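For reference, the structure discussed in these notes is given below.
The values are calculated or read from the model by the stated rules, or taken from the named source; none is laboratory data. Computed from a prediction, not measured in an experiment: that's the story for all the values here. Please note that ligands, DNA and RNA were not included when accessible areas were found on the heavy atoms of the full protein model with its side chains. Shrake-Rupley method; radii C 1.70, N 1.55, O 1.52, S 1.80 Å.
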Amino acid sequence: MAKLLALITLLMLSGPLQADILVIVNARNSVAQLEKKQVVDLFMGRVSAFPGGAPAQTLDLKTGAPLRADFYKRLTGKSEAQVDAYWATLVFAGRMSPPQQFNDDQALVGAILLPARL
């Protein structure tokens, strides 16, 4: 069975007026770079694997976290409420589950650092 790899996203301020989206993955992941569309597709449940076919598991902050709202606005152009409504529709239809949510960024990063499960 392929390793389950975790994918999270954090916004890192690189200057007073500029913010970049930084995607981090488990150290065992061989993916070095993703295009914005690939990240959108992963976090919106359109795909569940990295380029090359390795399974991807997205991780997220809890609804209401300012960083989460900013991330989705920058990545998709949608508000956090719109993203949550999108996922609610998919979950209700039984199609898929949204990214696993964590209370804070420390817990989220800790989940990434855990050894990947086989």
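Each Cα pair under 8 Å and six or more residues apart adds its sequence gap; the mean of these over the residue count of the stretch 57-118 is a relative contact order of 41 percent. Ranking Asp60, Asp104 from most to least accessible surface, computed with a 1.4 Å probe over the protein chains only, gives Asp104, Asp60. Residues whose amide H lies under 5 Å from that of Leu34, counting only those 5 or more places away or on a different chain, are absent; hydrogens are built 1.01 Å from N in the peptide plane.
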